[in-house]
Structure formats: C-alpha cells, structure tokens
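Accompanying notes for the structure given below.
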C-alpha cells in the first residue's frame, strides 16, 4: 500500500488515475486525498462539506460519513467499534497518520488532557 504522504504528493501531480488503474489505491483513498489541502502541520484539511461540529463529512451511497473515520478505515482498516481520534486536534484533518483508535474513555481523557472538554477553566 502506498504511504499517505506519497499519495498526497501523487495527487498533486495528477497521477491518481494511474494509481487507481494499477490497484495501488482504493477509490475512497483517491476521493479523500483529492479534496484536502496540506497544512503547515501536515494535516490534510478537508475542503468539502463541513458538519456543524467542525468535522469534514460527505455522503456515500446516501449515507452520512465523517471524513476522519472514512480515512482511518480506508488506510488502516476497521475501527471495531472504537472512536477515531486526532493526534493533531484538528477536526478538519483526515490525514491517516494523524488518526488513532481509542475507547470512549480514552477519547475523553485525551480531550481533557488537551484542554478541549466542556467546562474547562484556566
């Protein structure tokens, strides 16, 4: 499988069709990478529809999908009922290298540790 950073580089060079035809990437990988901009921090910031929560989203076969969850599944595999969490804390990001799985409790602890929870007081 092609590494995400290389896939982004190839998308910018308009060689995604070659990768698809050679079965080196999936259609969803190509769909995602073609709709992002690379930030200074390495985030793949979604440029399509945004959910009111700040997360990227799209519809696939009439079903609502968050981009970070679709990206995790496309590049890493099933989520097995776990949460897809961001190392970068950027809800627009769908860079698979910035995503990891966690339980609800782990996600809440990560949120608290980074000062993102409700009722956070300095």
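Some values worked out for this structure:
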{"quantity": "The range 58-102: translational diffusion in µm²/s, Stokes-Einstein, Kirkwood Rh over Cα pairs, 25 °C, 0.890 mPa s", "calculated": "230"}
{"quantity": "P(r) weight above 16 Å for the range 20-86, C-alpha pairs, percent", "calculated": "51"}
{"quantity": "Relative contact order computed over the chain (Cα-Cα under 8 Å; 6+ residues apart), in percent", "calculated": "19"}
{"quantity": "Value at 222 nm in deg cm²/dmol, rounded to 500, when DSSP H runs of n ≥ 4 in the chain each add -39,500 (n - 2.57)", "calculated": "-9500 deg cm²/dmol"}
{"quantity": "Rounded to 10°, Cα long-axis angle of helix 104-113 versus longest principal axis of the chain", "calculated": "70"}
{"quantity": "Hydrodynamic radius (Kirkwood) for the chain, which is based on Cα pairs only, to one decimal in Å", "calculated": "15.2"}
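Throughout, read-outs are computed from the coordinates displayed, never taken from laboratory work. What you are looking at is a predicted structure, and each value in this text was computed from that prediction instead of being measured.
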